[in-house]
């Protein structure tokens, strides 16, 4: 009897150690979870008439429209009172800042602010290119906060006829874009718009993220004539305001636009609009050199068009889900 009890006790100890080992091992072999489970996709639908839409994702892959896919903010300002290409950034004070394209033509961009993405400030149209009387448009503005200079940088693409003769005629309707920018610390006063990036080609849809100590800008080569490019390229800088390097060779197929970047499980995820196919594509990269296409892993709300992805706190997400 004594030996039997000792044997049973010893066997039980072995089982417990084995179970503990397996449990610990399984924790290290589980797939990595998303760093932030509250991702939002700010986007527009149709021509941007009804304004700002938001979609939510917990894994950065599967997206669900919020607010029954109704607009959170209807456009009221700007050249044509549209709200296309929305871009949202959260400042160090917690306030969200939204910029957007107000129309196909015009010399202004839209801006509004919110604490919770539900209740918004009065909309304003910033006449960023008013001093350029022949400027044709202000497309796809984006906004970032530069910690080094403690200011916001807003950048977009504009065509100024005759400004860059070397690429004149590279696209239809006389459009020959370059990237311009303004800075602000208070959203009351803005610097005079200046040239932000000229890579020697017709360029739109720039988006910038900070990757370690460098800033990475992905930009669309809008060249259409004599042969279409319409693809995405990369340029980098050690400062938010540049100067930025010569653009890389294209790393996507042609006829794509509207890239947006965010960090997911230690890698950079890029969504982009495959507008001729009427669907979105996705790629991921650990270093902006090696890219893997993962379009077959994503799902997005029907009709989602050019927008930006960002993460929010659980508190902000609770407010959105409660509306």
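Some points to look at:
- Filter result (surrounded by fewer than 17 Cβ atoms within 10 Å (Cβ to Cβ), under 29 Å from residue 70 (Cβ atoms) and in contact with a strand residue (DSSP E or B) (Cβ under 6 Å, 6 or more places away or on another chain)) within the stretch 285-300: 295, 299
- Residues in the stretch 251-270 include none that are farther than 25 Å from residue 41 by Cβ, touching a residue at least 24 places away in the same chain (Cβ under 8 Å) and not in a loop (DSSP other than H, G, I, E, B).
- Across the stretch 49-63, the qualifying residues are those that are within 9 Å of residue 300 (Cα to Cα) and part of a strand (DSSP E or B), and the one among them that is farthest from the chain's Cα centre (by Cα) is 62.
- Taken together, the criteria exclude residue 141 from residues that are touching a strand residue (DSSP E or B) at 6+ places or on another chain (Cβ under 9 Å), under 30 Å from residue 316 (Cβ atoms) and part of a loop (DSSP other than H, G, I, E, B).
- So residue 199, is it in the same structural domain as residue 269 (by TED's automatic domain parsing), part of a loop (DSSP other than H, G, I, E, B) and at positive phi: no
- Test: residue 130 is surrounded by fewer than 16 Cβ atoms within 10 Å (Cβ to Cβ) and either under 16 Å from residue 96 (Cα atoms) or free of Cβ contacts under 8 Å to residues at least 24 places away in the same chain (or both): yes
The values are calculated or read from the model by the stated rules, or taken from the named source; none is laboratory data. Everything numeric in this text was worked out from a predicted model, so none of it was measured. Glycine gets a Cβ as well: all are built from the backbone with ideal geometry, and neighbour counts include every protein chain shown.
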